[in-house]
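Working notes for the structure below.
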Amino acid sequence: MPWLVGYYGVFQTFHVVFNVLVLTGLLTIEFPWPPPEGWHLQTSASWTAVALVDTAIALLALYFVAGFFGGRPRTLWAGVVSLAAYMATIFVFNYTVVAVDAWTHHPVEYTVLNVVAIPLVLLFLAVVRDLRDGGG
């Protein structure tokens, strides 16, 4: 499990940096990639909310990763909460881009995003299994 936790830490570090740059306007990029007609104002506002929540989740994840590698098992709760919340944001993100037809116009980009998230799903399943089996 250490390599999955390490991956989670690297992933969430980049996630925090990207979100902060976009939210502060230091990086101007149209993300997520829009459907042909662009994002509706309400959808754009919800992406900002998702980015804020994702940033909070990522910071909590980094607390968990630091505790994991620093020998502080009491930070497991942060891993459980951050991973569960991140699984929910993955679902919301994918549901939205499919529902508004953005996925069909950017299939490679969205597929890559989901492929890089596979180790996080594996980590989530490993943590849940460990808790179920009485570990942690």
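The values are calculated or read from the model by the stated rules, or taken from the named source; none is laboratory data. Just so it is clear, the structure is predicted and the values come from calculations on it, not from any experiment. Glycine also receives a Cβ, built like all others from the backbone with ideal geometry; neighbour counts cover every protein chain displayed. In case anyone asks, the SASA skips ligands and DNA or RNA and just uses the protein heavy atoms, side chains included. Shrake-Rupley method; radii C 1.70, N 1.55, O 1.52, S 1.80 Å.
Taking only DSSP H segments of four or more residues, each worth -39500 (n - 2.57), what value at 222 nm results for the chain once the sum is divided by all its residues, to the nearest 500 deg cm²/dmol?
-26500 deg cm²/dmol
Could you order Ser44, Ser82 so the one with the most accessible surface comes first? Probe is 1.4 Å.
Descending order: Ser44, Ser82.
Any idea what log10 I(q)/I(0) is at q = 0.18 Å⁻¹ for the chain, Debye with uniform C-alpha scatterers and no solvent?
-1.03
Compute from the Cα atoms of segment 1-48 the Rg and the Dmax, the latter being the longest Cα-Cα distance, and quote both in angstrom.
14.2, 43
Is there a quick way to get the dipole size of the chain? I mean about its Cα centre, with the Cβ of Lys and Arg at +1 and of Asp and Glu at -1; what is the value in debye to the nearest 20?
Dipole about the Cα centre, nearest 20: 560 debye.
Mean 1/r over all different Cα pairs, inverted: what Kirkwood radius does segment 68-112 give, in Å?
Numbers: mean 1/r = 0.0797 Å⁻¹.
Computed over segment 68-112, the radius equals 12.6 Å.
Can you run phi through the Karplus equation (6.51, -1.76, 1.60; θ = phi - 60°) for segment 113-121 and list ³J(HN,Hα) in whole Hz, with x for Gly and Pro?
These are the phi-based 3J(HN,Hα) values: 4, 6, 5, 5, 8, 4, x, 6, 5 Hz.
Report ³J(HN,Hα) in whole Hz for each residue of segment 26-37, in order, from the Karplus equation J = 6.51 cos²θ - 1.76 cosθ + 1.60 where θ = phi - 60°; Gly and Pro get x.
6, 10, 9, 9, 7, 9, x, 5, x, x, x, 7
Using DSSP to call loops (not H, G, I, E or B), can you name the chymotrypsin sites (Phe, Trp or Tyr not before Pro) in segment 4-33 whose Cβ has at most 12 other Cβ atoms within 10 angstrom?
Answer by residue number: there is no such site.
Using the alpha-carbon centroid of each, what span in Å lies between segment 93-136 and segment 6-39?
Between the Cα centre of segment 93-136 and that of segment 6-39, the gap is 16 Å.
How much accessible area per residue does segment 15-125 have, counting only protein heavy atoms and a probe of 1.4 Å, in square angstrom? Intermediate results must be reported in sequence, preceding the final value.
Values: 6240 Å² over 111 residues.
Solvent-accessible surface per residue comes out at 56 Å².
In the chain, what percent of the accessible surface is made up of carbon and sulfur (1.4 Å probe, ligands and nucleic acids excluded)?
Working: 5670 of 7820 Å².
Percent of accessible area from carbon and sulfur atoms in the chain: 73.
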